[in-house]
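Below: the structure, in structure tokens.
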Amino acid sequence: MADTPRIDIEHVAKLARLALTPEEKAVFGSQLAGILQRVEALGRVDVNGVEPSAHAAAVNNVWREDAARAGLPVADALRNAPAQRDHMVVVPKVVE
Amino acid sequence: MAVPLHFQSLAELAECLAKREISSVELTRAVIARTEAVEPSVRAFNSRDAADALAQAEASDARRASGQSRGPLEGIPIGLKDVIAVKDQPLTASSRMLADFISPYDGTVTTRLRGAGAVLWGRLNCDEFAMGSSTENSAFHPTSNPWDLTRVPGGSSGGSSAALAAGEAIATLGSDTGGSIRQPAALCGVVGLKPTYGLVSRFGLVAYASSLDQIGPMTRTVEDAAILLGAIAGHDERDSTSLRTEIPDYRAELAGRRGPWRIGIPREYFGAGLDPEVAAAVERAVEHYRGLGCEVRPVSLPHTEHCLDTYYIIATAEASSNLARYDGIRYGHRSTKAKDIVDLYFQSRAEGFGAEVKRRIILGTYVLSSGYYDAFYLRAQKVRTLIRRDFLNAFRDVDVLLTPTSPIPAFKLGEKSDPLAMYLCDIYTIGVNLAGLPAISVPCGFTGAGLPVGFQLIGRPLAEADLLSAANAYDQVHAWGRKTPRL
Amino acid sequence: MKDVNSESSSVSSVSTASSSPSAARYEAVIGLEVHVQIKAASKVFAAVGTGYGHEPNTLTDPVVLALPGALPVMNKAALDAIIKAGLLLGCRISPVCKWDRKNYFYPDSPKNYQISQYDLPVCLGGEVEIELPGTARNVMGEHKRIPLTRIHLEEDVGKLSHGTIDSLVDYNRAGTPLMEIVSEPALHSAEEAYAYLTSLRASMIYGGISDCDMEKGQLRCDANISIRPVGEQRLGTKVELKNLNSISFVRDGIAHEIRRQIALVERGGVITQETRDYDGMTGTSQSLRSKEEAHDYRYFPDPDLMPVAVDEAWKDRIRATCPELPFDKQRRFLEQYQLPYTLTSVLVWDRALADYFEQAAGLCGKPQAAGNWIVNDLLRELGNAKTTLAECRVTPRHLAELVKLVDAGMLITASAREVFAEMFATGEEPGVIADRRGLRNAPSDGGELEQWCRDAITANPKALAEFKAGKDSAINAFKGPVMKAAKGKANPKAVDETLRRLLAVS
């Protein structure tokens, strides 16, 4: 495990698309530092040859056949949209 | 004095309804009336729709009248945690982000409850996005513990446990990612079951940590939990993690499976931090099983000390990604202060999420970020394998494990401001989620101050029938969940 | 098929245009990332329909819109399709693959993560065979095999349309099964890239995996381009070229980018790593706003989806449905049917046309004649009528019958063309048309023909003498009068045979 990991809170908040106030940055920064310090204990566990578990139980090949069911009516699809026009969701102009 | 309708067990009410001694409308009215009376002090609900519930009750009575009863849940008012989708009803996850969201679809458990004739009643409060152990992280209001209104009901399914304990529903559904059904059940003196991961469909459950989340019943008795689990369990093609397995008649199995069970006591679950009154109550439960002729033996789960760390890495990593969809674009809170499209994400999410959610998103984003993945996330996944192995090893020698559910009874509202202190509330419950096992919290008495205590039984994967039978062997004698608080 | 001709001719024009003196000192290195939409009834993780041109937001469900509580479930057909693509292109099919979340925020991405494959894709390795333009139209060009890195399965995103003050999002496309086919940086010219895409597209269409209609976004291409001095081993700084939305634009865009980089370096400039947007209409490119931060997609295994294990039996089932690819077919046509290269290079690029040819050739036993009719007459008529082979009323059997009538001397070529035209319009049997229009030759063994031939020989002693003296072409002098007497309906072959028989004894 890396030496005393520190969260670059601004960078991480940017990745997570969260605007944080200076107070939040300070509070979260110290709280998360405490948590990370605790979590460092995991670095001492011997995990040699241990397979990671992405799921609680390993089951392969779960799928469905290629058939379409009725989807949502447009009104339901856009029922909760904060802004819509011409049956589409309106967002501030996206500049590529 | 006869027990009022709203405090009767699901099994009793099912019988009364079947014998036409009461109607679903009468029962539903009683539950609504009780709710109106106590809700100002308990505040278990985020929203409720009495007219809709009564319409469902009428439909249920009509079915019964025409001989179309759908079984033991027919006409029974059941409350759902506000993280389970109910068509045309709010689905808020107790978040400002979803304050105005109306679900255009039913989750699978919702569909199954409708199919079983249940009356869906209310949207129950919880910690925001099911993140917390006290329900204080709800964006709307905290919920009080019916046994002491100055205390928390536990969490995150605190609305579900409080409503049940207060007589505002006959049974409820909660969701459990690290203990969120079992801990509030223990703190409110009711039964709470977290099924084997994959037994109950997650389709329609607002995701917190996908590989850990399970929906489960919260009830007054173990028998009720068996009935409700039977209605919601089973394979669902809309959830890829749903298991293909035969669903037994859990209620019938209660009588069919008798012990004695070999009961393992994991020594790591009785260490520092365990409240002595809780320890004593749990010890009395162990004595009960000894009295039934059960073999009780100590076992060890050596990686227990790493459960909490493993959990907070895996759960927050998954959450950081699961909660990315809440951006105010297609639905949910959209900031009016954003200066452009990029800023819209930052502001909407900053305004829409509460502190605990932000904290977990940041932690989860961090542990997945470039350069840290192997050290945190990958390592936690490996330790998760070891934790599951611990449990499966223990089950070679014992049938069930018995532990306290929560190290402490209900604490005061506002008492735990340090997130790490709050996280420690889940210390006995999260290993079960990491291992994907079934576990049930059974009420086992009260502290001197009158606060409920629960013990936890943990079973083998998919051994719900055995687990419920073992739990019932205690519960049918003591029935602590039938005690009612003075409100 | 008109496409193939016009495209191949423009290839050669570009290749000559791009050879400037300075260009010879540099080598371009190009890798292509091609996204191909898989043809399927439902989306890759949602059981709702797919399609192009539908009313906005009519192909959604809770999963597509990423509503709270929605969960993905894999579409088996999408897996079958990518395994087929992998087998067609000679990839290794991973025994186990899994799904990862690629986390990034964008308005067209409903979950703000894309379900994709990071370290365990379905297909690894493989290659795309290409043919470069030959020295002439009738000469086969050089073949190369372009190695692939991988092919993985992912989900497509929604579609944004931009207004003046805001943008609109339509999620119909979101969740459409999408393959990303990544080549090694092993292409060295715009022509190679063009040939690569042409071949890849044909293979996908052949396999029924995708229609690859670029106008509908079913095939999209990004190119990573760098240059280096000839002989240099290290790769230069690469520029990513986006929005190459037709195969011609891919070729033109890459050619333009190579010229731009060479010119820049020649001027002493330095190439910066960037993404550029190529405008095919104006033939110019411009740098897209540079990314403020390096991407950190935070890939991790999707806990909502289970891994996929592909065993031999599954692969065998798919392998049984794999068609012969165009270049393999071409090699077979050249050998089995002894067709000229030019015919094969038209026939093999369209699976239906090649099948049509094989049926017709099999029925009439005259492959080259059948091939000629298809490439010259059928394609011309289809082009004129702006219709497709699928709608064509001339069946392979009709065509074979026509070839047989000509071959048996029942129809002369000019008459056969008339019959073909009518057959194309009506779908009638060629024999019926010939009879109705009186185009069928009189029986060639009738006494009339022999009499006409005797008369013609008697009337032209000079030609008779020349023929006897060994001038074979002198026979033609008799044919005109015979045809005249037969009012043009004599079978030339029969005329020739009869004349020779009579001349031999004259």
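FYI, it's all coordinate maths here, none of it is from the lab. If you're wondering where the values come from, they're calculated on a predicted model, not measured in any experiment. With ideal geometry, Cβ positions are generated from the backbone for all residues, glycine too; neighbour counts draw on all protein chains shown.
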Projected onto the charge dipole of chain B (unit charges on the beta-carbon of Lys, Arg, Asp and Glu, signs +1, +1, -1, -1), the Cα from B:Tyr197, B:Ser175, B:Ala226 with the largest positive-side position is that of B:Tyr197
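For chain B, go through all pairs of different Cα atoms, get the mean of 1/r, take its inverse, and jot down that Kirkwood value in Å.
Mean inverse Cα-Cα distance, inverted, gives 22.1 Å.
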HN-Hα couplings for region C:274-287 via Karplus (6.51, -1.76, 1.60; θ = phi - 60°), in whole Hz with x for Gly/Pro, come out as 7, 10, 10, 9, 9, 9, x, 6, 9, x, 10, 10, 9, 6
If amide H atoms are modeled at 1.01 Å from N in the peptide plane, then the residues at a separation of 5 or more from B:Val296, or on another chain, having amide H under 5 Å from its own are B:Ile263
For region C:447-505, the dipole about the Cα centre with charges only on Cβ (Lys and Arg +1, Asp and Glu -1), to the nearest 20 debye, works out at 100 debye
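P(r) tail for region B:245-338, what percent of Cα pairs lie past 16 Å? Numbers along the way, then the final one.
On the way: 3319 of 4371 pairs.
Beyond 16 Å sits 76 percent of the P(r) for region B:245-338.
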Listed by chain and number, the lysines with an alpha carbon less than 20 angstrom from that of C:Lys493, same-chain partners under 8 positions apart left out, are C:Lys366, C:Lys404, C:Lys471, C:Lys479, C:Lys484
Amide H neighbours of B:Phe45 at under 5 Å, excluding residues fewer than 5 places away on the same chain, with H built from the backbone geometry, are B:Asn125
Taking only the alpha-carbon atoms of region C:324-436, the convex hull volume per residue, in cubic angstrom, is 91 Å³
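Rg(Cα) of region C:447-505 divided by 2.2 N^0.38 Å?
Details: Rg = 10.3 Å, N = 59, 2.2 N^0.38 = 10.4 Å.
Its radius of gyration relative to the 2.2 N^0.38 Å reference: 1.00.
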Surpassing 27 Å at the alpha-carbon level, of the pairs A:Lys14/C:Lys159; A:Lys25/B:Lys87; A:Lys14/B:Lys337; C:Lys144/C:Lys216; C:Lys144/C:Lys238; C:Lys39/C:Lys111, are A:Lys25/B:Lys87; C:Lys144/C:Lys216
Between the alpha carbon centres of region B:194-231 and region B:37-51 the gap in Å comes to 23 Å
Rg (one decimal) and Dmax (whole number) from the Cα set of region C:29-116, in Å, equal 14.9, 46
Using alpha-carbon coordinates alone, the radius of gyration and Dmax of region B:82-196 in Å work out to 13.2, 38
Within chain B, the percent of DSSP beta bridges that are antiparallel, given to the nearest 5, stands at 65 percent
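Grab the other residues whose beta carbon is less than 12 angstrom from that of C:Glu266, score K and R as +1, D and E as -1, and report the net. Mind dumping the intermediate values first?
Numbers: positive: C:Arg25, C:Arg259, C:Arg260, C:Arg267; negative: none.
Result for the neighbourhood of C:Glu266: +4.
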One finds the C-alpha centres of region C:352-426 and region A:1-67 to be spaced, in Å, by 67 Å
The answer for B:Gly445, listing residues at least 5 apart or on another chain whose modeled amide H is closer than 5 Å to its amide H, is B:Val453
Partnerless cysteines (no other Cys beta carbon under 4.7 Å) identified across chain C are C:Cys97, C:Cys212, C:Cys221, C:Cys322, C:Cys364, C:Cys392, C:Cys453
re region B:378-487: pairs of Cα atoms spaced beyond 21 Å account for a percent value of 47 percent
Computed for the protein assembly as shown: size of charge dipole around the Cα centre, +1 on C-beta of each Lys and Arg, -1 on C-beta of each Asp and Glu, debye to nearest 20, value 1180 debye
Distance in nm between A:Val95 and C:Glu127 label points, each 7 Å along Cα→Cβ, equals 4.7 nm
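Net charge around B:Asp239, counting only other residues with Cβ within less than 12 Å of its Cβ (Lys, Arg = +1; Asp, Glu = -1)? Walk me through the numbers on the way to the answer.
On the way: positive: A:Arg64, B:Arg202, B:Arg238, B:Arg244; negative: B:Asp213, B:Asp236, B:Glu237, C:Asp304.
Combined, the nearby Lys, Arg, Asp and Glu give 0.
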With the dipole of chain C defined by +1 on each Lys or Arg Cβ and -1 on each Asp or Glu Cβ, the option from C:Pro301, C:Trp452, C:Ser203 whose Cα lies farthest towards the positive pole is C:Trp452
In region C:324-436, taking the dipole from +1 charges on Lys and Arg beta carbons and -1 charges on Asp and Glu beta carbons about the Cα centre, the listed residue (C:Phe424, C:Gly409, C:Leu382) farthest towards the positive end is C:Leu382
Scalar couplings 3J(HN,Hα) for region A:26-38 by Karplus 6.51 cos²θ - 1.76 cosθ + 1.60 (θ = phi - 60°), nearest whole Hz, x for Gly and Pro, are 5, 5, 4, x, 6, 4, 5, 4, x, 5, 5, 4, 4
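If you build the Cα gyration tensor of region A:1-44 and take the root of 5 times each eigenvalue, what three semi-axes come out, in whole angstrom, biggest first?
Values for region A:1-44, descending: 22, 11, 7 Å.
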Semi-axes of region B:8-62 from the Cα gyration tensor (sqrt of 5 times each eigenvalue, largest first, whole Å) come to 22, 14, 8
In whole percent, the Cα-Cα distances of region C:149-290 spread across 5 Å bins from 0 upward as 2, 8, 16, 20, 20, 15, 10, 6, 2, 1, 0
Taking a crude spin-label model, label points 7 Å out from Cα along the C-beta direction, the A:His87 to B:Lys337 distance in nm is 3.7 nm
Computed for chain C: size of charge dipole around the Cα centre, +1 on C-beta of each Lys and Arg, -1 on C-beta of each Asp and Glu, debye to nearest 20, value 1460 debye
Computed over the protein assembly as shown, the convex hull of the Cα set has an average projected area, in nm², of 56.2 nm²
HN-Hα couplings for region B:202-212 via Karplus (6.51, -1.76, 1.60; θ = phi - 60°), in whole Hz with x for Gly/Pro, come out as 9, 5, x, 9, 4, 6, 9, 10, 4, 7, 10
Excluding residues fewer than 8 positions from B:Lys382 in its own chain, the lysines with Cα under 24 Å of it are B:Lys194, C:Lys98, C:Lys102
Cα-based Rg and Dmax for chain C, in Å, come out at 29.9, 100
Least to most buried among B:Leu468, C:Leu132, by other C-beta atoms within 10 Å and fewest first, runs C:Leu132, B:Leu468
Projected onto their principal axes, the Cα atoms of region A:13-96 stretch, largest extent first, over whole-Å spans of 56, 46, 25
Among trypsin sites (Lys or Arg not before Pro) in region B:9-74, those in a DSSP loop whose Cβ has at most 14 other Cβ atoms within 10 Å are B:Lys19, B:Arg20
Looking only at aspartates and glutamates whose Cα falls under 14 Å of B:Lys358's and that sit 8 or more positions away or on another chain, we get A:Glu10, A:Glu23, A:Glu24, B:Asp127, B:Glu128, B:Glu318, B:Asp327
